[in-house]
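Remarks on the structure that follows.
The values are calculated or read from the model by the stated rules, or taken from the named source; none is laboratory data. These figures come from a predicted structure and were not determined experimentally. Counting neighbours? That spans all protein chains shown, and the Cβs are built from the backbone with ideal geometry, glycine included. SASA here: full protein model, heavy atoms, side chains in, ligands and nucleic acids out. Shrake-Rupley method; radii C 1.70, N 1.55, O 1.52, S 1.80 Å.
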Amino acid sequence: MRSVLVSRIRRFRSAEDGLAAVEMALIMPVILVIMLGGIQVVSYINAVRKVELVVRSISQMISQTQPPSGSTVAMVNAGDLHFSYDSALVLFPYLMAEGRRRGQAWWQVVTINYASIKFTQTATTCTDGSDLSACYRADVVWTSTGTTQPATGVAYRPCGTPQIAASNTAPPSRTALPRSLFGPAAAVVIDVAFTFTPTFGANYLPSLRIARTAYIQPRYATLVDFDTTNNDGIASKC
């Protein structure tokens with residue numbers, strides 16, 4: 001009896017049947033985590049690139065508005081802003097799927113704010129050509145109000161308060177502009193923000209805010225102003 005038991009134990013110790021299955025069971029969770037994590041990283045990088053594409057494309061649309069004959073001031077209206085705003089859905093189609101996942105409309109998961117800035121010379125004492133912020137005041141000419149965007153509207157640049165000069169490397173702020181932007185010109189500022197929420201492990205991984213800002217001078221005009229005709233609240237003139 002004892003010899004039979006010892007024989008069975010020896011056969012059990014030497015048996016390799018099912019070894020591969022055990023190894024797979026141990027390794028598979030790690031492989032899945034790495035694979036799904038890699039997918040999330042790729043999705044995040046793609047979202048960053050799309051946000052950059054949106055801010056760049058919209059800033060180009062608005063800044064290239066041409067002035068009417070005999071004027072140096074270009075005009076945009078509510079229709080122009082809606083057209084450029086809606087282009088985000090074409091440039092960043094992920095917004096539609098993300099909106100469905102969150103139970104919201106696509107335009108509620110992205111914030112796109114517009115502002116036109118006019119610089120007025122206040123002094124002639126500046127000697128540093130790379131920093132004229134002490135000799136120019138930056139006033140918001142018109143700004144998006146957040147009406148057709150997420151109700152918070154935290155990124156819009158407010159009327160009535162001059163924009164302050166900040167470091168060129170400072171994060172974008174609704175109340176400040178880079179110092180190097182100040183000078184004898186105007187500017188169009190587009191702020192875009194999107195919160196990336198992982199689809200895998202959303203209960204454990206944090207959401208990441210992606211924010212990009214474009215500062216660009218009008219291409220064919222001295223200033224891009226806002227025509228309030230038929231304005232539905234997408235922007236307000238200061």
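Between ASP139 and LEU53, take the C-beta separation as r, use R0 = 45 Å, and let me know the FRET efficiency to the nearest 0.05.
My answer for the efficiency is 0.95.
Describe numerically, in nm with one decimal, the distance between label points set 7 Å from Cα along Cα→Cβ at VAL41 and at ASN203.
Label at VAL41, label at ASN203, 2.5 nm between them.
Please report the net charge: other residues with Cβ closer than 11 Å to the Cβ of PHE92, K and R +1, D and E -1.
0
Let me check I've understood the local charge: for ARG179, count other residues with C-beta under 13 angstrom from its C-beta, Lys and Arg +1, Asp and Glu -1. What total comes out?
With Lys, Arg at +1 and Asp, Glu at -1, the net is -2.
For SER69 and CYS159 in the same chain, what is the full-extension length gain: residue separation times 0.36 nm, less their Cα-Cα distance, in nm?
29.5 nm
Under a plain spin-label model, where a point goes 7 Å from the Cα along Cα-to-Cβ, how far apart in nm are CYS238 and LEU91?
Result: 2.3 nm between the two label points.
For LEU32, LEU95, give me the order by solvent-accessible area with a 1.4 Å probe, most accessible first, ignoring ligands, DNA and RNA.
LEU32, LEU95
Can you pull the one-decimal nm distance between simple spin-label points at PHE83 and ILE27, each 7 Å off the Cα toward Cβ?
5.8
Which FRET efficiency value, to the nearest 0.05, is calculated for TYR220 and THR127 with the Förster distance at 22 angstrom and r the Cβ-Cβ distance?
Here the calculated transfer efficiency is 0.10.
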